[in-house]
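Have a look at the structure below, then the notes.
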Amino acid sequence: MWSSDRLRRSRRTVLLGVCLTLGACTIRPLLLETADDQDVRAQLEAITIVGLDGRLGQLVRNSLLDQLNPASLSGPNRYILQVELRRNASSLGIQLDDVITRFNLTLTARFELVDAKDGRVLYEDQVQRIASYNVSRQPYATLSAEVDAERRVANEVGSNIRTVLAVYFANQATST
């Protein structure tokens, strides 16, 4: 059995190791108030969004507008963001009598960042998010839950696309 003195020493050793590991880490906040980060924000604000149709597309578009240019500043449109959405609802909870009680709503967004001057694709990727919702015996309650799940998943997709683009621009700034 360990003595309390030996236990304290092992805790100190672990704490010291964690502190040294974190001290050697080169992680920094993505959008801090530095010149590089101001450049990343300017790059994000210079994006025009295309290709989002329908109600779900408008939800993603609104989320992206809020994420990329929260102050709604007008400036040069240097980039075009082309986004294609794919929505899939799959049953998750099925009772013994084959009644579905829960769905997973999966939204996949494939996007390309294009240079507005020459049409060259600068970056392409895809993000995927899942939101679940319950099925009720009342159709309106089910519809309301589905609409809420669409809203949540659209906000998450917009946030993920913004994060991926911010990392892309930050990497471009450090490589030049």
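The values are calculated or read from the model by the stated rules, or taken from the named source; none is laboratory data. Computed from a predicted model, the values in this text were never measured in an experiment. Methodologically, a virtual Cβ is constructed for each residue, glycine included, from the backbone with ideal geometry; neighbour enumeration extends over all protein chains shown.
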| query | Which residue out of LEU85, LEU73, LEU30, LEU68 is touching a Lys or Arg at 6+ places or on another chain (Cβ under 7 Å) and either within 27 Å of ARG151 (Cβ to Cβ) or at pLDDT 90 or above (or both)? | reply | LEU68
| request: Considering only residues that are under 20 Å from LEU143 (Cβ atoms) and surrounded by 12 or more Cβ atoms within 10 Å (Cβ to Cβ), look in the stretch 95-110 and name the one that is modelled with the lowest pLDDT. | output: ILE100
| For the stretch 83-120, what are the residues that are of a type in the set (A, V, I, L, M) and under 27 Å from the mean Cα position of the chain (by Cα)? | VAL83, LEU85, ALA89, LEU92, LEU105, LEU107, ALA109, LEU113, VAL114, ALA116
| query | Within the stretch 35-59, how many residues are in contact with a Gly (Cβ under 9 Å, 6 or more places away or on another chain) and assigned to a helix (DSSP H, G or I)? | reply | 4
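This table checks each residue for (1) out of contact with any Lys or Arg (no Cβ under 8 Å at 6 or more places or on another chain); (2) basic (Lys, Arg); (3) modelled with pLDDT under 85.
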{"site": "TYR133", "(1), (2), (3)": "no, no, no"}
{"site": "THR142", "(1), (2), (3)": "yes, no, no"}
{"site": "ALA145", "(1), (2), (3)": "yes, no, no"}
{"site": "GLU150", "(1), (2), (3)": "no, no, no"}
{"site": "ASN155", "(1), (2), (3)": "yes, no, no"}
{"site": "SER159", "(1), (2), (3)": "yes, no, no"}
{"site": "THR163", "(1), (2), (3)": "yes, no, no"}
{"site": "TYR168", "(1), (2), (3)": "yes, no, no"}
{"site": "GLN172", "(1), (2), (3)": "yes, no, yes"}
| request: Could you grab the pairs with beta carbons closer than 7 Å, sequence gap of 6+ or different chains, first residue in the stretch 38-56 and of a type in the set (Gly, Ala, Ser), second one in a strand (DSSP E or B)? | output: ALA46/TYR79; GLY51/GLN82; GLY51/VAL83; GLY51/GLU84
| Does any residue of the stretch 89-105 turn out to be free of Cβ contacts under 8 Å to residues at least 40 places away in the same chain, out of contact with any Asp or Glu (no Cβ under 6 Å at 6 or more places or on another chain), of a type outside the set (A, V, I, L, M) and on the phi > 0 side of the Ramachandran plot? | yes
| note | Counting only residues that are free of Cβ contacts under 8 Å to residues at least 24 places away in the same chain, under 18 Å from SER91 (Cβ atoms) and surrounded by 13 or more Cβ atoms within 10 Å (Cβ to Cβ), the stretch 120-140 contains a total of 1
| field | Among the residues listed as SER91, SER136, SER159, the single one being of a type in the set (S, T, N, Q) and closer than 23 Å to GLN38 by Cβ | value | SER159
